[in-house]
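Student: I have a structure I would like to understand better, so I am pasting it below and will then ask my questions one at a time.
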Amino acid sequence: MKDALAIHRALLEWETVHEIVRLPVAMADADELPKALGLPAERCLVTRVYSCESVRRGQRFLTGVIVPAGRPPQAEAVRLAVGARTVRPAPADVVNAVTEYAAGLVCPLLLPDSMPLLIDHSLVDGLPADDVVYTATGEASTALGIRAASLYALCHAKPVDLPAPPSTPATGMRRVRT
């Protein structure tokens, strides 16, 4: 499995300034990064992996999607961006096998070339290039800190509009008309 050391070595080879951060608590999922680091979700990026079925029936592929922590993209937006017939979250065992990262802790770097990678356009436009963003490393107790511009350049993700699904009212709550 890939881990913080593999990422660190690759970034050194690419002569990219970065930091591997030891987290005060272990995470089960990259969506926990903002709480672990005490940062806003927009500075903590999650790479979600989706299983896609091509428009040609029977052909399947994986795609990665980089979004702010805690904000999954609309499946329809992912489907349209990759030109798939269907899109659904990839099973953990498939994520582990194909990406070589622990599912839920996928880093957007060192992914297979055969796996298309998308990034929410609002991240690329919304964060200054020199701001540091944080992402998972495949390990529960570390995170990668890297300049936003460096991460975007190295991961080769395609910027697309990836709106979050509309929020639904909590169960048991009634809508009040005014």
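The values are calculated or read from the model by the stated rules, or taken from the named source; none is laboratory data. Note that the structure is a prediction, hence the values are computed from the model and not measured. Areas reflect the complete protein model, heavy atoms only, side chains present, ligands, DNA and RNA absent. Shrake-Rupley method; radii C 1.70, N 1.55, O 1.52, S 1.80 Å.
Student: Per DSSP helix of 4 or more residues, -39500 (n - 2.57); summed, then divided by the residues of the chain. What does that give at 222 nm, rounded to the nearest 500?
Tutor: Mean residue ellipticity at 222 nm (helix-derived): -6500 deg cm²/dmol.
Student: Tell me the label only: which of [x] 1.09; [y] 0.99; [z] 0.94 is Rg/Rh (Cα atoms, Kirkwood Rh) as calculated from this structure?
Tutor: This structure yields the entry labelled [y].
Student: Remind me, relative contact order of the chain in percent, using alpha carbon pairs under 8 angstrom and six or more residues apart?
Tutor: Values: 340 pairs, mean separation 50.3, N = 178.
After rounding, I find 28 percent.
Student: Hey, another quick one. Report in % the part of the accessible area of the chain that belongs to carbon and sulfur, leaving out ligands and nucleic acids; probe 1.4 Å. Don't skip to the answer; put the middle values down first.
Tutor: Details: 5170 of 9710 Å².
Exposed carbon and sulfur together represent 53 percent of the surface.
Student: Under DSSP H, which helices of the chain have Cα atoms covering 27 Å or more of the helix axis and a Kyte-Doolittle average no less than 0.5?
Tutor: Passing helices, by number: none.
Student: What percent does the relative contact order of segment 50-116 come to when contacts are Cα pairs within less than 8 Å and at least six residues apart?
Tutor: Relative contact order, segment 50-116: 35 percent.
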